[in-house]
1. Cβ-Cβ distance below 9 Å, separation of 6 or more or different chains: which pairs start in the stretch B:288-316 with a residue that is within 13 Å of another protein chain (Cβ to nearest Cβ) and assigned to a helix (DSSP H, G or I) and end on one that is among the acidic types (Asp, Glu) and surrounded by fewer than 24 Cβ atoms within 10 Å (Cβ to Cβ)?
2. Of all the residues that make up the stretch A:1-38, how many are within 19 Å of A:Pro472 (Cα to Cα) and open to solvent by 40 Å² or more (accessible area, probe 1.4 Å)?
3. Quick one: would you say A:Arg57 is in contact with a Phe, Trp or Tyr (Cβ under 8 Å, 6 or more places away or on another chain) and open to solvent by 30 Å² or more (accessible area, probe 1.4 Å)?
4. Can you tell me which of (1) assigned to a helix (DSSP H, G or I); (2) surrounded by 22 or more Cβ atoms within 10 Å (Cβ to Cβ) is the one A:Tyr300 doesn't meet?
5. Sort through A:Leu120, A:Leu168, A:Leu178 and tell me the only one that's buried (at least 24 other Cβ atoms within 10 Å of the Cβ), within 10 Å of another protein chain (Cβ to nearest Cβ) and assigned to a helix (DSSP H, G or I).
6. Suppose the filter is more than 8 Å from every other protein chain (Cβ to nearest Cβ), modelled with pLDDT of 90 or more and touching an Asp or Glu at 6+ places or on another chain (Cβ under 8 Å); does B:Met464 pass it?
7. May I ask you to say which residue of A:Leu41, A:Leu71, A:Leu48 is out of contact with any strand residue (DSSP E or B) (no Cβ under 9 Å at 6 or more places or on another chain), closer than 30 Å to A:Phe186 by Cα and open to solvent by 40 Å² or more (accessible area, probe 1.4 Å)?
8. Within the stretch A:200-217, can you find the residues that are more than 25 Å from A:Asp496 (Cβ to Cβ) and either touching a Leu at 6+ places or on another chain (Cβ under 8 Å) or away from chain B (no Cβ under 14 Å) (or both)?
Amino acid sequence: MSVGDVPILSIIIFLPLVGALVVAILPSAYTRPAALAFALLTWVASLLLLLGYLPGRPGFQYEEVASWIPLFGIQYKVGVDGLSAAMVVLTTTLTWICILASFKPIQNRIKEYMIAFLVLEVGMVGVFLALDLFLFYIFWEIVLVPMYLIIGIWGGANRIYATVKFVLYTLVGSLLMLVAILATAFAFQSATGSWDGAFDFVRLREFAASPTGGFSDVLQLGAFLAFFLAFAIKVPMFPFHTWLPDAHTEAPTAGSVILAGVLLKLGGYGFIRFALPLFPDAAQTLAPAIIVLSLIAIIYGAIVALVQPDLKRLVAYSSVSHMGFVTLGIFVFNEQGTQGAILQMVNHGLITGALFLLVGVIYERTHDRTIAKMSGLAGRTPVYAAIFGFFVFASGGLPGLSGFVGEFLALVGTFAVSPAAAAIAALVMILGAGYLLYMFGRIVFGELSDFLAGLGDHLTDIEPVEILTLVPLATLVVIFGVQPGLLLELVQGTVDATVEAAAGGTAIAIGGEVIALIGGLVLLGVLARIGWALVHGESATGPASATAEGGAAH
Amino acid sequence: MTFEDLTTIAPLILAVLSAAAVLIVDLIWPGRSPLAIATALLTLGATAAVTIVVGQSPSTAFGGAYTVDALTSFLDVLFIAIVVLTIMFAPDYLLPRSLPVAEFAIVLIFAMCGAMLIAGSADLLLLFLGLELMVLPGYLLAGFHKSDSYSTEGAIKYFLLGAFSSAIFLFGLAFVWGLTGTTRVDGVAEALSAIIAGDAPLSPGLAMGLAFLTTGVAFKIAAVPFHYWTPDAYQGSPTPITGYLSVGPKIGAFALILRLFVEALGPLSDVWLPVIVILSAITMTLGNLVALTQDNVKRMLAYSSIAHTGYMLVGLAAYAGGQMDGLEGLLYYGAAYTFMNLGAFAVIAALQKRTGVTSSLGTFAGLGRKEPLLGILMALFLLSLTGIPPTAGFFAKATVIVAAVEAGGALTVLAVIAVLNAAAAAFYYLRIIVYMYMRDPESDAPALRHGALMWGGLAAATTMTLLLGLLPSALLEIVTDAAKAIATIP
């Protein structure tokens, strides 16, 4: 199927790994160019994939299959559809941008940093391309380790607290997902009498959709809840979002960009790719609750963003709000909603990624992110202010820029299901514009603040390299804003398949089992919270001593 | 005794000869530790080769008291690997402290003979003999650093509780023998099947016997609430010995469980299943919770090894719940745990080459910068212990969990408890990584030079940790055969 039978998907997945090895071996002087070169090569490979991808054809393309653990029917199986193609290109684009953007800020242990970033890319791309649930889980966990190191080694003063919180939250969700994956595969094995294809997503999806087959109600609910927890923590949905502001605030700039740009999308991708098609009945049953949670996330994120004194925290909470539109769009189960969710995923990656880069630019010069200390940037750094303004408007949902399209489509989809929900979400868009413009107005306009004036010549305007990292993002924001059809055409196949799968589901009657499962989940959440509070008491020594070393990291 | 008997027990004979050879070499050339180590490694290599050859064809010896099947040879090779790795890791720690290397190797090999005897026992008396032969050298080893008060304290606690539990275990064996009239494993299983099939419910005597046996074994595998000896014994012992104690006697005791509970007491599995489920749940939960609060890495890993006992018991419970995969998972876990845990202890031992270095968390501060290679290996072992793919620890956890999920019911809950525990465990494993990579070194002492043996052993442990995670098929086939040798369910 592929051009000249080149295993292009494996090349995209493992090229960064080769890069990591090369960076590890080469002398330190070549670390930066080598890392960038491999990130760019991967990017080019992913663009070739995009060019070669045929949007009209259903199913997965460029599939590669190899037996891996035959005893359990586990395969190395990768394939691409419109959604994964879009997410892979988003990942490879943001990765080279991040590596380029790290050249100056990261002066400490550069080699390890670049290796971590390249390994991170392996995991992220792998998640988007894996078609075997076991393989998917492995890539999902591989993402965790480099991100843990990136926040923990190169982060801010409270980095150890933030990174441990990030890992523990993610791990609780993903390990339960592992149990769900194994249970699903075993259910398939029991039904068909063979482990053959038990982890194969395509086979499982067929099984779930077949009129006679499908997974039992209890399995669907249990497995869906486990998948839901893993994905909801990643997205992050209210009330599983509390790791996000800490992780974002403490991560180095590029870490925040990747976190917002790609890692949060893993959750949305997981919902669309796995949770919906495999467990449609459970998805239908729980959709109302998830819609409510999404609305709370949209409102809550916006309100909390409004009162943040820290630039990065503000952008982080705006992510919670914006990602609420993704889950909202997915769980209304119609074409516009799903289209909106996917568009919002891509656009949020571009725009919020850019916003974090911009916050990083100002932090490089001021070593401070307090909004109250800044004003009058327009006079001293006009180019920076202009670019910042562009992305602020994009994030606020200005029509003509891409941020608008996704939220609009998600709202249209929601309106078809529940006009009230759509109305609430639409009102919050105003709130969103409010906190962004308020923040923008305070730091850009007015007189130069004493704090900024005190920096003297350190406060330079944005540099060409920094602009270079933002130009591709800005271009895409304009293109997708004016012509969202390009992206929609690419993902239409995925949208159709997802909507069809969800429509095939019928809500499970709420009985004792449902209540028991959900009650169990809530109880688990409470226990986890208590557990976290207990160990947090102990890890409080982490941040304290980290502060003392904080200087070394910068 | 026939010639066939001799070939069947050839691995055991060679193992004893190996210890004897080291003993003689040490007598003739005292204090020449490289020579003693070379002798030990060569003879152990030969033993492993013979074990594999003999294991090709199942056979029995001494009228069925000793049996060689796929399980025996799998476990034997694992025991030899444990001892070989321990001997490779030890000199860097022992020599700077003027502790005798040759005697260490001899005692260790004798302990290995006991473990191998357990693995091939088809008779209750032989099982007990093997158990004692395995644990007695362990007491010696724990107190090997006799001028160190921690070492002596740990050894005394280990010895007293160990002797106590052996007595309880033996008492339980007596009950089983009294009720079934035989000490032969298959005979016991038959007699118990008949008892269960009859109208008579579980008689008080049998219940007592079962309770004593379970308690005795729970002591040996350090399952909660019979784990109290572990932290002190582990912390006090010289580090390479702690590494050995955390895997050798544990896997040996699991071999005992396989021969005794799975084979002989298999018919009673409905009775002991709930006990194992509860033991497993509280063992991993308590082990992990207490490990969270430890600041001494050896003690932390001691509690973590308690938790790993709990994960392995999940596999046993899944088997009792009717899933063959449970045994496979247990065996796979044993192998994976061996390499990752020995590797982690080896790194600690390597750091303690400089005498006076403690095993507190501070020792690891800045290790990633000071000794990059050692830091990366330690991180790999810790990630594997956490269960992060693509490492051995991850696949091992997946195998026991899949078996528990297959068994369904209460065991699904056990699987969920296991993964939540794995998440909690991540906290303390990652803490060590935090110290290695996110803190500055506490002292300016220059990096140490580690011996070739240490690096060789670490390379082997690393290779296995990665291999068992990336390409699990080969070992999966071996453990499947091994499990089939004793499983009574299809």
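1. Qualifying pairs under 9 Å: B:Leu292/A:Glu538.
2. Residues meeting the conditions: 1.
3. No: the conditions fail for A:Arg57.
4. Unmet condition: (2).
5. Step by step, each of A:Leu120, A:Leu168, A:Leu178 is checked, and only A:Leu178 is buried (at least 24 other Cβ atoms within 10 Å of the Cβ), within 10 Å of another protein chain (Cβ to nearest Cβ) and assigned to a helix (DSSP H, G or I).
6. So B:Met464 fails the test.
7. Result: A:Leu71 is the single residue among A:Leu41, A:Leu71, A:Leu48 that is out of contact with any strand residue (DSSP E or B) (no Cβ under 9 Å at 6 or more places or on another chain), closer than 30 Å to A:Phe186 by Cα and open to solvent by 40 Å² or more (accessible area, probe 1.4 Å).
8. If the condition is that a residue be more than 25 Å from A:Asp496 (Cβ to Cβ) and either touching a Leu at 6+ places or on another chain (Cβ under 8 Å) or away from chain B (no Cβ under 14 Å) (or both), then A:Asp217 is the only one that fits.
The values are calculated or read from the model by the stated rules, or taken from the named source; none is laboratory data. Bear in mind the structure is a predicted one, so any value in this text is a computation, not a measurement. Cβ coordinates were reconstructed from backbone atoms using ideal geometry, including for glycine residues, and neighbour counts include every protein chain displayed. Each accessible area value is taken on the protein alone, full model and side chains, heavy atoms only, with ligands, DNA and RNA left out. Shrake-Rupley method; radii C 1.70, N 1.55, O 1.52, S 1.80 Å.
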